[in-house]
Structures are given as C-alpha cells and as structure tokens.
C-alpha cells in the first residue's frame, strides 16, 4: 500500500485520480499548497501529486520541494510543451504528466518515483569517482563536437542571412537541448527583433521588438557578456523582456565591435541546470556566430556593389570583355553578346579564341607585351564587320577590352574623334573598377579559411570597404555625369562669381606655387545665370589649368564684356594642349592625365551651353592654354526670350 497526497481543488480531477489509482492505496486530498504543507507536518506520504491549477507557478513546486525533500513529486500539467516541463523539473518535480492523462501513464510514473526512492541529500554524497567524471567529460566533448559541426555549416549561409539565423537557432536547440531558443538581430527600420526561433510561438516572435534605450539590449550593450535571468540581478525592464522570451540565458552578438543582437536560451527540456562549461560554450558560440554575421554583412555589401557594377556594365552600349591570365573569358556584358552575336553561356570560362581570331590576337599580344593597345581596328569575319577596340593589361596579368562596331567608313575626323571614349573606358574601367574587384575576390577566397583570425578579419573589413568605396566613386561619377542639370536662372554678377571660385583655390594655389593675376571689367553688366552651376563650370576649367602646372606657374583670369556677351578668360603657363588633342578635349571621358575621369571640361562645356553660351579653347602665342567662357548678357537674353 502507498500513501498518496493529492493537491487539487477540481472535484472532477480528484474523482479521476481516485479511480486511476489502485484501490489498495491510501489517497488523501488537499485543495491548496498551504493546507498540504500543514498536513505534511504530521504525514509522510510515499508520493505527492500536484495539479498545476493549484501550483500555478514553479515557485509553489519549489516550496513543496523544500519542505518535503525526500518525497517524490509529480505535477499534472495543463500545457504539454518542453518549456513547461523543464520549469517544473528544474523546480524539483520528479515527473511532469500532461492533462488529460492515461491511467497507465499515471501509475507508471508513480511506480517509477517509488522505485527510485528518496532524493539523497547532496551534502552526504561521496565525491564522484573516475567513471562518473569520465561520463561527464564525454558528454561535454560530444556537446562541443556538435557545436563545431554546426559552426562549420554557418560559413555556407553567407549569401542568405535569414538562413544563417535559422541555422543558429537550430544549433542552439541541438547543442543545449533547450525548450526555447531564439536569435535576436537588429534590422533596418525595425529595431531588434526575433529573426529565428525554436519553441517560441509565432505570434509572439513576430510582434516582439527591442530597443537599445533600455531593457535586454541596453544591458548587453553596457556589459557585453552573458546574462543569467536567475543570477545576474538585472533591472526590471531587462528581467521583463527575458521573461517574455522565456529566456534563462542570453549572450550578445557583435558586428564591427557593436552589439547587434543576442543568442537566447530557455530552460533545458530535461530540467537540469546549465553548467559553467555550457555557459562558456554559449559565449564561444556567440563569438563565432558574430564573426559569421559580420562576414555575411561584408558579403552582402560586396554583392550589392557587384550588382551595381553589373548594372553599369549592362547599360553600356559598348562591349566590355575581361580575359583572365589563363586566357579565358571571365567577364562580358550584354553589349558584347549583341555586337559579337554570341551567347555568354557559350563563351564565359572558355578560351578567348571563342571571340574570334582577330579579337583574340589583339588580346594575346596585349597580354604578352604588357602594354595597352589603343584605337585598334579588327575585322571580324563572323559578323562581317569592323570593330574598334582598346585593350589594357591588368595588374593580375589579365586584359580588359572595350570595343564597338564601327560604321562602314572610318575616314572622317569626326568618327575618329570618338576613339578617346574607348581609350578612357579601357584604362579607367580597368584601373578604377577591375583592380578593386581583384582585391575583393582575393579576400573572399581566403575568407572561409581565415575567418577565425582577427588580423585577417580586420584587414578584410578595411580592404573591402576601401575598394568598395573606389567602385562606388566610379559609379557615382558616371551617374552624376548622366544626370541632366536643371538651371535656376537669376540676375548675377560674373565678377563676384569668379572671385568666389578663385577664393576656393587659395590654399591649393599657394601649395603649388602658382601666381594668380586677375583683371576684372568694372563695367560688366549683370547676366542671367545659375550661380551654382556656372561656378561649377568655371571651377572645372580653373582646376584643369592648375593641374597643367604641377611645378608651379602663372594663372591669369580676366573678365570682359562685348556688345551682347560677357566673357571669362582663363590662361595658364603650362605646356599647352597638343594640336592633335585640341579637337577632343571636350569629348566625354577624354583625358591626358593618369588620374581623373576625363569629365571636368565635358561637364563645364555642357553647363555653359545650357546658359546659351560657349566654352572655347583659344590659340595662344604665349604658350600654355587659354579657355574662354562666354554667356549672353541680360539684354540679349530677354530679347531672345521675350516671354521671360
């Protein structure tokens, strides 16, 4: 016969328990925990059964456990989930049976509890022997091996941050056997939210948002260490957020040295407390996860910049081909497919000969000589057309080629004048876009092998951001040039505009030892212009003159007025512009300098034309270069546009 004390106030449940237990057992009932504790003063039952409707929290179970340390306790739970079971087991219950229960399950649980006997007093237990320690050590090794297996999978999810977060959540559940686990991450415009979880209700995870002003994220940002809800003594708001998450432990996630989220663990499904080794393992897992998240963010930045580069190349009407050092085609844009009448799938990764023998000959010669080949004309028998191309060697031994299909007749000077466009694209695209991509590609290949090395991660972060900035600068310059400026015309004095532009160059002129001479026409009338855009045009012309005098010299700037126009003259004492280049200096992307985009004078010319003016290069017997910017006077402007 067993003596069973049942704490339950529901009559139907009490009747069910009485019917389920053997008739030979002595079954006693109490309706509250307090009355049961008073009866336990004089009664020593074999089993204690508690309905969770009475002991609504694990603290009530803890009270019973403290007062009856040797009596096995069984909880009847309304909720059948691992987290609830873990809470009751951690509080001291021997078994947790979900309602409604079967008679067999109840009897089996009672027999199991009685067979195990009383809970031993931990103070009387002998020190664990070698066998026990070996089992514990083996379990810890298995846990670490599981964690390592999951970490090895994380590097494969850099392209998909959501999948990376889901893998982290699965890893937490598998490694720690937690009833609940979650990954919190900062998302743009939404604060910190649950991006992946296990055991957390979907409605709850979707609605939760955390900020850095207070609560859990604030605590982690201040302390940057693991937090235990039961021992850390955090503020009320932090404890509240941990309770809402059902979290016992939380470890911070850091990206670029800043807390951006957390790994969260609930209680273990077994009800066993977390050991110090498991806490250390969670901290180590959070560090590795932080590295994976940081690498994923860098990868996404590189991917976005690559996508932007592809968009730029895809919108070019000229063909662009990059050939790797092993003489295989590694990159080509849509214009190449259209001009050469080939498919990228048939050419990419294949020998350069796939582009045609004449085309390949120019590339192979450039690769062998290591010198650029500009303004080459190649007849392509496959499309029965002549191609105008420029080929430039890359630092890694490859070659970039920019080309277009030439009209049937190529004798006129006007057609030849367009060749600097291809020259610029061949050299500047190669230098400003492809070289940064070489650095990014190299670091990306080394990332899976060296991401654990802090020095490498630092070098990776700095190099990738620097090279992405270079690519972004090229793209922004091209987009800015493509944008059509909208002028806001108003009455202005050109002398004041010229003085303002020259003031902006004072430090540079002094540093380069350039002497400035000015002559302003005091009778210059006001003109209709956009002061901002006109100043930009003049700034570009003056900058071009300053760049022509790297060793110092003299800059002359003057203004004058005619019958219907106002004019600004800019003269420098530099080497001048070669006669063969003079007709080309206002062409887009034409440049005689190693650095620069070749758009300064082109932009200036376009702005002056929008002012119904003219920008000209004048011949000078004194040497150097002379530019004249002229715009119509206000009287002429109103006469031409009487409706203004």
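The listed residues are 257, 246, 266, 261, and the only one of them that is surrounded by fewer than 21 Cβ atoms within 10 Å (Cβ to Cβ) and either over 25 Å from the mean Cα position of the chain (by Cα) or not assigned by TED's automatic domain parsing to the domain that holds residue 448 (or both) turns out to be 257. In this structure, residue 517 does satisfy being surrounded by fewer than 19 Cβ atoms within 10 Å (Cβ to Cβ), in the same structural domain as residue 563 (by TED's automatic domain parsing), at pLDDT 90 or above and within 15 Å of residue 626 (Cα to Cα). Scoring residue 199 on the criteria (1) buried (at least 17 other Cβ atoms within 10 Å of the Cβ); (2) under 18 Å from the mean Cα position of the chain (by Cα); (3) at pLDDT below 90 leaves a single failure, condition (2). Applying the criterion of being in a strand (DSSP E or B) and closer than 23 Å to residue 525 by Cα to the residues of segment 562-586, the residue that is farthest from the chain's Cα centre (by Cα) is 565. Checking each residue of segment 331-344 against the condition of being farther than 19 Å from residue 405 by Cα and more than 29 Å from the chain's Cα centre (by Cα) gives no match.
So for segment 534-550 (the condition being surrounded by 19 or more Cβ atoms within 10 Å (Cβ to Cβ), part of a strand (DSSP E or B) and modelled with pLDDT of 85 or more), does at least one residue qualify? Checked against the condition, which is being surrounded by 19 or more Cβ atoms within 10 Å (Cβ to Cβ), part of a strand (DSSP E or B) and modelled with pLDDT of 85 or more, segment 534-550 yields no hits at all.
Taken over segment 206-226, the criterion of being under 14 Å from residue 265 (Cα atoms) and assigned to a helix (DSSP H, G or I) is satisfied by 216 alone.
Within segment 61-100, take every residue that is more than 23 Å from residue 230 (Cβ to Cβ) and surrounded by fewer than 18 Cβ atoms within 10 Å (Cβ to Cβ) and give me the one that is farthest from the chain's Cα centre (by Cα). Per the criteria, the residue is 70. Test residue 109 against the stated conditions and say whether it is at pLDDT below 75 and over 30 Å from residue 292 (Cα atoms). Against the criterion (at pLDDT below 75 and over 30 Å from residue 292 (Cα atoms)), residue 109 does not qualify. Just one of (1) under 21 Å from residue 317 (Cβ atoms); (2) outside any helix (DSSP H, G or I); (3) without any contact (Cβ under 8 Å) to a residue 40 or more places away in the chain fails for residue 375. It is (3). State whether one or more residues within segment 539-550 are over 21 Å from residue 602 (Cα atoms) and over 40 Å from the mean Cα position of the chain (by Cα). There is at least one residue in segment 539-550 that is over 21 Å from residue 602 (Cα atoms) and over 40 Å from the mean Cα position of the chain (by Cα). Considering segment 576-595, and only residues there that are touching a helix residue (DSSP H, G or I) at 6+ places or on another chain (Cβ under 8 Å) and crowded, with 16+ Cβ neighbours inside 10 Å, the residue that is modelled with the highest pLDDT turns out to be 585. Within segment 350-372, the set of residues being part of a loop (DSSP other than H, G, I, E, B) and more than 39 Å from the chain's Cα centre (by Cα) comprises just one member, 356.
Against the list (1) closer than 30 Å to residue 166 by Cα; (2) outside the structural domain of residue 251 (by TED's automatic domain parsing), the condition residue 309 fails is (1).
For every residue, the table says whether it meets (1) in the same structural domain as residue 581 (by TED's automatic domain parsing); (2) over 23 Å from residue 307 (Cβ atoms); (3) modelled with pLDDT under 80.
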{"site": "380", "(1), (2), (3)": "no, yes, yes"}
{"site": "384", "(1), (2), (3)": "no, yes, yes"}
{"site": "390", "(1), (2), (3)": "no, yes, no"}
{"site": "443", "(1), (2), (3)": "no, no, yes"}
{"site": "447", "(1), (2), (3)": "no, no, yes"}
{"site": "452", "(1), (2), (3)": "no, yes, yes"}
{"site": "460", "(1), (2), (3)": "no, no, no"}
{"site": "464", "(1), (2), (3)": "no, no, no"}
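Screening segment 314-366 for residues that are loosely packed, with under 15 Cβ neighbours inside 10 Å and within 14 Å of residue 392 (Cα to Cα) and picking the one that is modelled with the highest pLDDT gives 325.
The values are calculated or read from the model by the stated rules, or taken from the named source; none is laboratory data. Source: prediction; values computed, not measured. Note that we place each Cβ from the backbone using ideal geometry, even for glycine, and neighbour counts take in every protein chain shown.
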